[in-house]
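There's a structure below that I have some questions on.
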């Protein structure tokens with residue numbers, strides 16, 4: 001049984017962003033649990049940064065790139081090879097000092113702007129195309145920000161049983177009927 005109520009989302013069908021460089025605003029960060037296939041499937045915590053595209057380019061499908069979202073999932077590690085370090089350096093426009101690294105707050109990047117280089121990558125089965133961030137670079141000047149409100153991961157809802165043709169259903173009788181059908185098989 002689930003320990004809390006979860007929002008079940010119906011996926012949209014969004015076309016990927018065109019390949020190129022976009023200025024984005026980092027709008028949110030959350031911690032997510034993910035299996036690491038390189039460590040025998042051990043569960044690790046990753047930071048999942050959500051970014052909103054600020055450029056208002058016309059895409060190949062005629063839609064605008066502004067307010068489209070990209071995500072970057074990275075390990076909570078600051079080293080020259082880590083995505084978190086590369087993103088932080090691009091936001092600041094310089095390398096972090098030792099003191100900045102030791103006191104680094106992952107939420108300090110939220111509402112900051114950075115440039116990202118994006119590619120299009122087909123899924124393994126070739127049925128979809130996804131965007132991947134290839135690199136980060138410093139945004140020389142800020143663009144107009146987007147308004148963003150994070151949605152809660154847990155939605156409090158209560159479910160109510162449905163009545164079929166205003167008939168009362170006797171749960172005990174239904175269970176007995178199912179058990180009898182199972183015994184016949």
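Each value in this text was obtained by applying a stated rule to the coordinates, not by laboratory testing. On a predicted model such as this, the values are computed, not experimentally measured, just so you know. Ideal geometry is used to build each Cβ from the backbone, glycine not excepted, and the neighbour counts take in all protein chains shown.
Condition first: in a loop (DSSP other than H, G, I, E, B), at positive phi and in contact with a strand residue (DSSP E or B) (Cβ under 7 Å, 6 or more places away or on another chain). Can you find one or more residues in the range 80-88 that meet it?
No, because not a single residue in the range 80-88 is in a loop (DSSP other than H, G, I, E, B), at positive phi and in contact with a strand residue (DSSP E or B) (Cβ under 7 Å, 6 or more places away or on another chain).
Which condition from (1) exposed (fewer than 12 other Cβ atoms within 10 Å of the Cβ); (2) touching a residue at least 12 places away in the same chain (Cβ under 8 Å) is the one that residue 97 breaks?
Going through (1) exposed (fewer than 12 other Cβ atoms within 10 Å of the Cβ); (2) touching a residue at least 12 places away in the same chain (Cβ under 8 Å) one by one, residue 97 breaks only (2).
When you check residue 17 against the structure, is it touching a residue at least 60 places away in the same chain (Cβ under 8 Å) and assigned to a loop (DSSP other than H, G, I, E, B), yes or no?
Yes; evaluated as a whole, the condition is true for this residue.
How many residues, within the range 23-44, are touching a residue at least 12 places away in the same chain (Cβ under 8 Å) and either exposed (fewer than 10 other Cβ atoms within 10 Å of the Cβ) or under 14 Å from the mean Cα position of the chain (by Cα) (or both)?
9
Here's another thing I want to ask about it. Can you report the number of residues in the range 103-145 which are in a loop (DSSP other than H, G, I, E, B), in contact (Cβ under 8 Å) with a residue 40 or more places away in the chain and surrounded by fewer than 16 Cβ atoms within 10 Å (Cβ to Cβ)?
5
Sticking with this structure for a sec: Do we find that residue 90 is more than 19 Å from the chain's Cα centre (by Cα) and crowded, with 17+ Cβ neighbours inside 10 Å in this structure?
When the stated conditions are applied, residue 90 passes them.
Let me ask you something else. Is it the case that residue 148 is assigned to a loop (DSSP other than H, G, I, E, B), within 27 Å of residue 33 (Cβ to Cβ), touching a residue at least 40 places away in the same chain (Cβ under 8 Å) and touching a strand residue (DSSP E or B) at 6+ places or on another chain (Cβ under 8 Å)?
Here the answer is yes, as residue 148 does meet what is asked.
Go through the range 48-79 residue by residue and tally those that are more than 16 Å from the chain's Cα centre (by Cα) and outside any loop (DSSP other than H, G, I, E, B).
2
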